[in-house]
1. Please work out the FRET efficiency for the pair A:Glu320 and A:Asp22, using the Cβ-Cβ distance as r and a Förster radius of 51 Å; give the result to the nearest 0.05.
2. Once label points are set 7 Å from the Cα along Cα→Cβ at both B:Phe243 and B:Leu327, what is their separation, rounded to one decimal in nm?
3. Can you pull the Rg over Rh of region A:24-155, Cα-only, Kirkwood?
4. Rank these by accessible area, largest first, 1.4 Å probe: A:Arg102, A:Arg132.
5. For region A:1-98: lysine pairs with Cα atoms under 22 Å, gap of 8 or more or different chains, count?
6. Once you put a point 7 Å from the Cα of A:Met1 and another 7 Å from the Cα of A:Asp168, both along the Cβ direction, what distance in nm separates them?
7. Net charge near A:Phe80: determine it from the other residues with C-beta under 12 Å of the C-beta of A:Phe80, scoring Lys and Arg +1 and Asp and Glu -1.
8. Could you tell me the accessible area of B:Phe269 in Å² (1.4 Å probe, neighbours in place), rounded to the nearest ten?
Amino acid sequence: MGIEISNVSKYFGDFAALDGIDLKIPDGELTALLGPSGSGKTTLLRIIAGLETPDQGSIRFFGEDATQKRTRDRKVGFVFQHYALFKHMTIFENIAFGLRIRPRKSRPDKETIRAKVERLLDMVQLNGMARRFPSELSGGQKQRVALARALAVEPKVLLLDEPFGALDAKVRQELRRWLRYLHDELHITSVFVTHDQEEALEVSDRIVILNKGGIEQIGTPEEVYDNPVNPFVYGFLGNVNLFHARFEEGVLSLRHREKDDGDPTLFIRPHDISIAPDNADGKGIAARVLTHKVLGNRVRVTLKTLEGDREAEAEIGKKEWNALKGNDLDAIYLRILEAKIYAPNETWSDYVI
Amino acid sequence: MNAPALKNCLEPRWLRPLLIAVALLFLVVFILLPLVTIFSQALDVNLQDYLAAALGYEGATPELPPLFASLGDGASVYRAALDDAEVRAAIRLSLFTVLFCVPLNTFFGVMLAWAITKFDFRGKNLLISLIELPFAISPVIAGLIFILIFGASGWLNMVDLYTFADGRITKLLDADGNTVTLYKWLMAHDLKIVFAVPGIFLATLFVTFPFVARELIPLMQEMGKDDEEAALTLGASGWQLFFKVTLPNIKWGLLYGVILTSARAIGEFGAVAVVSGNVRGETTTMPLYIEILYGEYQFATAFAVASLLTLIALVTLVVKAAIEYVLKKQRTG
């Protein structure tokens, strides 16, 4: 096991930033700590790095207790959201910093350092930038330098705090893929913090979803996306439509307008709603189109059911939309392709209108 | 560029030249003219003729105050003044005061700024307010504080000394059988604090304390903790952190604080006047000596020393402006 976190709590005054966290981070994997702001994800990362001290609990690195170890003895690489490059040093000096400050007996000689920095610059695709200063680099380049600097000291663990948070969308995309590629090459145990579910789903091997200082769910991106364990995780991983329903003889009924206590709520992703001009199989819910927005090759359609005045958002393909838009948009039918219920007796297979 | 100049829509057309003119006039009358006077008097440039020429008078020159007319051959007086043993002693004492106070206040200022910006602790806001205290109170009072502590009627004269003899602790007595206070003991050992050089050092230390810390605190707050945390994760020790990461970032601000501290240390009058005792050639700094000379109607010498002090101030100003320029460039770059 790479990193073992047991029963870690951290309080800021009365506020519990982390409340009894137990987490195992496997060796060689890229793990995402995902959660909204204030969920404690950054605090947890900083505790792993030793930049914060937990009020309770312990941290083990590869079986060895590291709770009392100082940051500089933990052998972690840390990448900050705002790069934290040393402004007064060149790119070369930044990357060499961790090696040059070593005590003389463990410090590599000049030539070794130079060769290593060159290799790292090559790896982060910044050859020829060695003599530049951080202020002469773009955000994406700065973050790659920060990564090279962290890797120069050959850390056992790589920690990244919202590493792409300060970059614009296109660079963020590129850097994400590049990080994934780099991790596949190096296989260094890595943890990165993000509030962007798409980023977590795309980059990581495993996702840990945090909320209010606790862990909600741990799993592979596919597991957590397909089987969110609770409404919070469901809502956090993507857009959601809420419909309330009632069980009637094992069948879910959507025809009730008022919600009773104990009525289950249906969680439906926008892409799990389809729209048709007719009600061929009798499963359609009559609705009308309020607005639509074309997002590249997807179209986000806002609908309102004719009965019950419930608003729903559907996301359909451009082609389907083009086929649909010639029809009377005030009388169409929406169908629920897939939904999730968080209720005690949540087995259901069908619904009626 | 062929684009027409943008019309100024924010203020009436006449306001800007008027404001600039008023400010310039004020600057010339109250700052530039006195400054020129000091140097011209010290070097005995004939201000009367100069003014007459500048203002276009011919023949009859305007009457100037007798002060300006009563000067002799300035240049030689100037040289004589700087040869004077007491003048030299005053210059020396002022320089020693700077050499004593600036390193100490730099050291403690950096420590304080570090503590305030890097750590969270109770009473931090109180501490920040306390830093400003020497600026808030009159320098005369700053001087009096030291008289109250170290003077003959001060706290030190209320502290009795004890001695350990025959297995018992007894009060220390002098030859006449009187109790010996800490003050008396210090005097007996020729360790005068007030009305002596140590008092001047202490008073100057007090009034110049805020400059470095005040300059560094906003700078270090702006810098944040990221750089230092990055250095920590890369294995840096506390010293490496300070000298390789923090100091390069704050060095211009630090230098700026040091310059201000030096300027104030060399120019301080009020606090030093209270604790000095004005022993000529021993406890007179440059500003104090100028005042003594002036009081004795030795205008030529007074102006000579004053011009030297002013020159130091002007050099400081130029250095300060240069540092400000660098700091500004650093912030925007």
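1. Details: r = 45 Å, r/R0 = 0.88.
Efficiency, rounded to the nearest 0.05: 0.70.
2. Computed distance between label sites B:Phe243 and B:Leu327 equals 2.6 nm.
3. On the way: Rg = 16.3 Å, Rh = 16.4 Å.
Using only Cα positions, Rg/Rh for region A:24-155 is 1.00.
4. Working: A:Arg102 65, A:Arg132 95 Å².
Output order, biggest surface exposure first: A:Arg132, A:Arg102.
5. Details: A:Lys10/A:Lys24; A:Lys10/A:Lys41; A:Lys10/A:Lys69; A:Lys24/A:Lys41; A:Lys24/A:Lys69; A:Lys24/A:Lys75; A:Lys41/A:Lys69; A:Lys41/A:Lys75.
Summing the qualifying lysine pairs gives 8.
6. Using points 7 Å along Cα→Cβ, the separation is 4.5 nm.
7. Values: positive: A:Arg46, A:Lys142, A:Arg149, B:Lys225; negative: A:Asp161, A:Glu162, B:Asp226, B:Asp227, B:Glu228, B:Glu229.
The answer is -2.
8. Probe radius 1.4 Å; accessible area of B:Phe269 about 80 Å².
The values are calculated or read from the model by the stated rules, or taken from the named source; none is laboratory data. These numbers were taken from a predicted model, which means no experiment stands behind them. In this analysis, Cβ positions are derived from the backbone assuming ideal geometry, glycine residues included, and neighbour counts consider all displayed protein chains. Just so you know, the surface numbers come from the protein's heavy atoms only, side chains and all, with ligands and any DNA or RNA stripped out. Shrake-Rupley method; radii C 1.70, N 1.55, O 1.52, S 1.80 Å.
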